[in-house]
1. Quick one: pull the percent of accessible area on the chain belonging to carbon and sulfur, 1.4 Å probe, ligands and nucleic acids left out.
2. For the range 199-236, state which trypsin sites (Lys or Arg not before Pro) are in a DSSP loop and have at most 11 other beta carbons lying within 10 Å of their beta carbon.
3. For the Cα atoms of the chain, what angle does the longest principal axis make with the long axis of helix 147-161, in degrees from 0 to 90, nearest 10?
4. Output ³J(HN,Hα) for the range 186-199: one whole-Hz value per residue in order, computed from phi by the Karplus curve 6.51 cos²θ - 1.76 cosθ + 1.60 with θ = phi - 60°, and x for Gly and Pro.
5. What are the residues whose amide H is under 5 Å from the amide H of residue 30, where those residues sit 5 or more places off or on another chain and H is modelled from the backbone?
6. What list of ³J(HN,Hα) couplings, whole Hz, do you get for the range 41-58 from phi and the Karplus terms 6.51, -1.76, 1.60, once you set θ to phi - 60° and write x for glycine and proline?
7. So for each of 114-121, 43-50, 141-148 I average, over its residues, the number of other beta carbons within 10 Å; can you give me the resulting order with the highest mean first?
8. In bins 5 Å wide, starting from 0, what share of all Cα pairs of the range 101-195 does each bin hold, as a percent?
Amino acid sequence: MNNETVTYKRETVAPAKTFVNRDTSQTRLIAGVSVPDGPLITAVIEHAQRLSEPYLFNHAMRSWLFAEAIGRMKGIDYDREVVAIGTILHDIGLTASVAGPNRFEVNGADAALSFIRGKGLSDRRAQLIWDLVALNSTPSLALHKEPEVAVGTMGIGLDYGGFGVEALLTVDVERILSAFPRLKMKQRFAETCCQLVTAKPETSYDNFLRDFGERFVPGYKTVSTVDLLMKAPFGE
């Protein structure tokens, strides 16, 4: 996250007149939160757990539960299965098993789309999952997208930096944290980001990895968008 995270404090998704649970066929309780259930969501959880270090998997699960809690509290109408899949998989681009030439969010979004391909999701729902994964670390865009993208981003932002936590009951937050401990996430997440900045600096210039590079990686130097403009090969 970067300075764009201040936008989490704003209400950007209009509550629906009536909350509509689009995935009522199967639900279960996780850490006291009612969540959609089914073979696909189970497969997604298992996939994320296989790919991720424990601290990162727990972050994904807490983000999902916080997203559900926020969506319910705000009375937002959204596709709960889409939010589940996108939020649980939102950081797989940071894992060693997911590679690619692009910024990690795009690599992760492509990998998420590859995993769910052929599992019965419409093109529209798959696109929303891609958008949620790709845009979750850019709240100044994501919070103005479809409710699925916005709600998932809210849950992720709450777990990352505590944005909006005051709206939830303390007992509910503590229950989620107890079920999925943070496992020194601040330190471990920073280390993961710095490793990625060091290995692939060219993917860090226009996302929040840049902040980690500038703070923690010796010798890190960014590409200035001003320089790109001024050095453009065109006459005036």
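The values are calculated or read from the model by the stated rules, or taken from the named source; none is laboratory data. From a predicted model like this one, the values you see are computed outputs, not experimental measurements. Here the Cβ positions follow ideal geometry from the backbone for every residue, glycine too, while neighbour counts run over all protein chains shown. We work out accessible area using only protein heavy atoms, side chains counted, and drop any ligands, DNA or RNA first. Shrake-Rupley method; radii C 1.70, N 1.55, O 1.52, S 1.80 Å.
1. Details: 6350 of 11630 Å².
The computed percentage sits at 55.
2. On the way: sites: 210, 215, 221, 231; in loops: 221, 231.
Answer in residue order: 221, 231.
3. 70
4. Working through the residues one at a time gives 4, 5, 5, 5, 4, 4, 4, 5, 5, 4, 5, 4, 5, 6 Hz.
5. Counting only residues 5 or more places away or on other chains, the set is 35.
6. 3J(HN,Hα) across the range 41-58, in whole Hz: 5, 4, 5, 5, 4, 5, 5, 4, 5, 5, 7, 9, 5, x, 5, 6, 4, 4.
7. Working: 114-121: 12.6, 43-50: 17.1, 141-148: 19.8.
Taking the mean over residues of other Cβ atoms within 10 Å, the ranking is 141-148, 43-50, 114-121.
8. P(r) for the range 101-195, in whole percents per bin: 2, 12, 17, 20, 20, 17, 10, 3, 0.
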